[in-house]
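S.K.: Encoded as structure tokens, here's the structure I'll be asking about.
The values are calculated or read from the model by the stated rules, or taken from the named source; none is laboratory data. Since this is a predicted model, take the numbers as computed values, not measurements. Cβ: placed from backbone, ideal geometry, glycine included. Neighbour counts: every protein chain shown. Areas reflect the complete protein model, heavy atoms only, side chains present, ligands, DNA and RNA absent. Shrake-Rupley method; radii C 1.70, N 1.55, O 1.52, S 1.80 Å.
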Amino acid sequence: MDTPAQRTVPGAQSIARAAHLLRLVTAGGDDGMPVAELARRADLTRPTTHRLLTALRHEGLVDQDERTGRWMPGPELFLMGTVAASRYDITAVARDIVRSLAVRTEESAFLSVRRGDETVCLLREEGSFPIRSFVLSEGVRFPLGVASAGLAILAFLPPHDVDAYFERHPELPRDWGAAHGEPRLRARLRETQERGYAVNPGLIVEGSYGIGAAVFTREGHPQWALSLTGVQFRFGPERLAELGRTLLAHAHQLTTRIAASR
């Protein structure tokens with residue numbers, strides 16, 4: 001659905017569609033994504049999708065593998081990203097904390113950032129346990145409240161922001177299952193506030209558990225999250241509490257470090 005701005009600003013709809021495609025392409029990572037899948041996810045016709053991708057390729061923002069035909073991020077995105085990194089990127093100050101979390105728990109550890117109504121994974125560090133969950137990797141996006149990182153961030157936003165989020169996204173249960181309907185999701189938000197960290201009990205992929213803890217700006221806004229994922233039997237009640245304490249300690253360490261560096 002078009003926003004008021006898209007209806008009144010000349011060219012805004014085309015820019016919004018192109019930006020949406022860019023986000024989808026980057027979510028595909030190094031493997032890229034075929035045009036048919038991009039068209040489906042963007043809710044566009046295939047000719048429109050191809051036309052926009054061709055224009056983005058001309059500007060260097062996307063590239064196409066000549067052998068597979070799949071679309072992937074272009075070189076200009078890298079150049080733009082290096083300029084923006086000094087303001088927005090915290091991976092340099094977070095990397096050793098994410099690595100420590102993976103070593104301490106033996107599970108896969110992640111750093112995600114809030115971007116609008118989504119979280120985007122920035123870092124992944126593998127744990128030593130040989131059975132792993134591959135739900136999350138760098139560049140993957142989820143709506144707030146779906147993966148454990150986004151659930152942790154949403155839980156600590158001001159109540160009016162949470163209300164507005166639900167108003168904007170009535171499609172969550174349709175796209176992600178009945179467990180993401182507003183009443184059940186609000187119940188998980190309350191549980192997250194009470195324990196301090198979020199739990200995703202296999203709601204995205206059956207048997208793949210995740211826990212997440214918010215990381216705050218110096219002003220106290222939940223802008224990032226640390227999370228752990230693994231197979232279900234590794235997240236039993238006793239170990240879950242232990243993992244939660246370790247996760248919260250690392251999240252607090254990163255929050256403190258960010259406040260001191262900015």
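S.K.: Assess whether Glu194 counts as being at pLDDT 95 or above, of a type in the set (Asp, Glu) and open to solvent by 10 Å² or more (accessible area, probe 1.4 Å). Even if it seems obvious, please write down each step before you answer.
M.R.: Values: at pLDDT 95 or above: yes; of a type in the set (Asp, Glu): yes; open to solvent by 10 Å² or more (accessible area, probe 1.4 Å): yes.
So Glu194 fits the description; yes.
S.K.: Next up: Condition check: part of a loop (DSSP other than H, G, I, E, B), open to solvent by 30 Å² or more (accessible area, probe 1.4 Å) and modelled with pLDDT of 90 or more. Does Pro183 satisfy that?
M.R.: no
S.K.: In segment 105-126, is there at least one residue being part of a helix (DSSP H, G or I) and either surrounded by 17 or more Cβ atoms within 10 Å (Cβ to Cβ) or modelled with pLDDT under 75 (or both)?
M.R.: Step one: of segment 105-126, the residues part of a helix (DSSP H, G or I) are 105.
Imposing the further condition that a residue be either surrounded by 17 or more Cβ atoms within 10 Å (Cβ to Cβ) or modelled with pLDDT under 75 (or both) reduces the set to 105.
Yes, that holds for at least one residue.
S.K.: Any idea which residue in segment 1-29 is modelled with the highest pLDDT, counting only those that are open to solvent by 30 Å² or more (accessible area, probe 1.4 Å) and in contact with a Pro (Cβ under 9 Å, 6 or more places away or on another chain)?
M.R.: This residue is Leu22.
S.K.: Residues being part of a helix (DSSP H, G or I) and within 18 Å of the chain's Cα centre (by Cα): count how many of those fall in segment 149-160.
M.R.: So the first thing to find is which residues in segment 149-160 are part of a helix (DSSP H, G or I), and the list is 149-155, 159-160.
Now drop any that are not within 18 Å of the chain's Cα centre (by Cα), which leaves 149-155.
Qualifying residue count, segment 149-160: 7.
The rows are residues; the columns are (1) over 24 Å from Thr91 (Cβ atoms); (2) of a type in the set (Lys, Arg); (3) under 17 Å from the mean Cα position of the chain (by Cα).
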| residue | (1), (2), (3) |
| --- | --- |
| Ala187 | yes, no, no |
| Thr192 | yes, no, no |
| Ala198 | no, no, yes |
| Pro201 | yes, no, no |
| Val205 | yes, no, yes |
| Tyr209 | yes, no, yes |
| Val215 | no, no, yes |
| Trp224 | no, no, yes |
